[in-house]
Amino acid sequence: MFTQSSFRISCIFAMLLLSTSATAGQNWEYLVKTYPLLGNDGALTQTLNKLGEQQWELVNCAKGSAKLTCIFKRPAKGA
């Protein structure tokens, strides 16, 4: 059975846990790369795989008339 005191302690513990996780959020570093659209998917795939090996994660791409702009992110070093 929960007493009022144990309920209060549980609430305080929960608030501390939530506030700690909120302040310890992940920091990111971002990279923006633009690639020409030359129809050479193999070279682009190779480049993207190399970035993946460096822990870069593709977030978004935007296609222009003759280019592809990609945004990558990865956890910030030292964070």
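As a summary of the residue check, Leu38 satisfies the conditions (1) modelled with pLDDT under 90; (2) part of a helix (DSSP H, G or I) except for the one numbered (2). Any idea how many residues of region 44-64 are modelled with pLDDT under 95 and assigned to a loop (DSSP other than H, G, I, E, B)? Here the count works out to 1.
Of everything in region 46-66 that is closer than 26 Å to Lys77 by Cβ and more than 18 Å from the chain's Cα centre (by Cα), the residue that is surrounded by the fewest Cβ atoms within 10 Å (Cβ to Cβ) is Gln46.
The values are calculated or read from the model by the stated rules, or taken from the named source; none is laboratory data. For clarity, every value in this text was computed on a predicted model and none was experimentally measured. Quick reminder, even Gly has a Cβ in these numbers, built from the backbone with ideal geometry, and neighbours come from all protein chains shown.
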